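Read the structure below first, then the notes.
The values are calculated or read from the model by the stated rules, or taken from the named source; none is laboratory data. Keep in mind it's a predicted model, so treat the numbers as computed, not measured. Cβ placement follows ideal geometry from the backbone for every residue including glycine, while neighbour counts extend to all protein chains displayed.
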Amino acid sequence: MADFWNTNWLNRSGMFAPLRTVGARLPQTGWPNPELLNALADDAGRVVNAQGLRVRFVAQSTKSKDFEEGFEQRAFLKGEVQMRPLDWHDVFNALVWMSFPTAKAVINARHYEALSAGESGNRSPVRDALTLFDEEGMVVLSSDSGLLELVRDFRWKELLWKRREEVAERMRFFLFGHALYHKALDPFVGMTGKSVLLHVPDAFAQLPLNAQIAESDRLLAVHLWDRTRMSRSRELSPLPVLGVPGWWDGNEREDFYDNTGYFRPGRTGSGTQDQTVSSSV
């Protein structure tokens, strides 16, 4: 699918639900170019970076050694998000900017903060964590701290099979990472998200989908802006994406969750934790 554009993926799985509002306005044929994506961003509302600059999608330029011309630097200083032509990965990055603009702006700002502090050579643990979430991230929200604990403890069958009715009622799973969306075009057993866990009020699950996405964006941004968080990649909780009820036909069978190569047992000392957040709902 690398060079063939279509929008059939929008309703293929619940994995794409956060992108449907913006994605419904994509062209049926012909790759969406930066000009079209900029028009969508204008219509989507306040898609700005942490400095309040309107985000513009631009063609990727040749590499430069100037600090200000780095990918994150240009996004922060000018609001310019670079894209490669005919590239699913970069189109999904643009769509996530439109769907989760506040969280994306915070990630970019924290990258710029770390780079401006003189980081050189290998990425710092903070930037590793931010990059991993930006590429492979999910946000998992629930009003039941016990269900979030099952995610943290890798108790997959109990959560996703034995308690799937409670999961449907009291949990929400949203893909965030643009690389994860790219993988979802051709999903495979082994596909794993790196999750931020957020505790929300009971009323959250009753909101319309668009309101859930908007509130998730706000709460996620609060979480990511906290400098005590995202200090290392292991803070993110792994989650086998295809185990989420409704996202994969194969998970309608109990024995699907017996595949311990995919639904792996927990690790010790993961350092993951959920955040009880203030919600407007």
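In segment 105-126 there is no residue that is of a type in the set (Lys, Arg), part of a helix (DSSP H, G or I) and within 19 Å of LEU180 (Cα to Cα). ALA50 satisfies every condition listed in (1) out of contact with any helix residue (DSSP H, G or I) (no Cβ under 6 Å at 6 or more places or on another chain); (2) of a type outside the set (S, T, N, Q); (3) surrounded by 12 or more Cβ atoms within 10 Å (Cβ to Cβ); (4) more than 19 Å from TYR181 (Cβ to Cβ) except (1). For segment 185-207, the set of residues classified as more than 16 Å from PHE133 (Cα to Cα), in contact with a Leu (Cβ under 9 Å, 6 or more places away or on another chain) and surrounded by 14 or more Cβ atoms within 10 Å (Cβ to Cβ) consists of PRO187, VAL189, HIS199, VAL200, PHE204, ALA205, listed by residue number. Kindly indicate the residue of segment 243-275 that is at pLDDT below 95 and of a type in the set (Ser, Thr, Tyr) and also farthest from GLU169 (Cα to Cα) among those meeting that condition. Selected residue: THR268. Screening segment 108-134 for residues that are touching a Phe, Trp or Tyr at 6+ places or on another chain (Cβ under 7 Å) and of a type outside the set (Phe, Trp, Tyr) and picking the one that is nearest to THR228 (Cα to Cα) gives ALA109. Taken over segment 210-225, the criterion of being charged (D, E, K, R) and either surrounded by 19 or more Cβ atoms within 10 Å (Cβ to Cβ) or without any contact (Cβ under 8 Å) to a residue 12 or more places away in the chain (or both) is satisfied by GLU215, ASP217.
Taking segment 135-231 as the region of interest, the helices (runs of 4 or more DSSP H) fully inside it that hold 1 or more residues being closer than 23 Å to VAL106 by Cβ are 145-152, 178-184, 209-225. Testing ARG20 on (1) in contact with a Phe, Trp or Tyr (Cβ under 8 Å, 6 or more places away or on another chain); (2) in a helix (DSSP H, G or I), one condition comes back false. Which one is that? Against the list (1) in contact with a Phe, Trp or Tyr (Cβ under 8 Å, 6 or more places away or on another chain); (2) in a helix (DSSP H, G or I), ARG20 comes up short only on (1). Residue-level check: of (1) out of contact with any strand residue (DSSP E or B) (no Cβ under 9 Å at 6 or more places or on another chain); (2) within 19 Å of GLU135 (Cα to Cα), GLU169 misses just (2).
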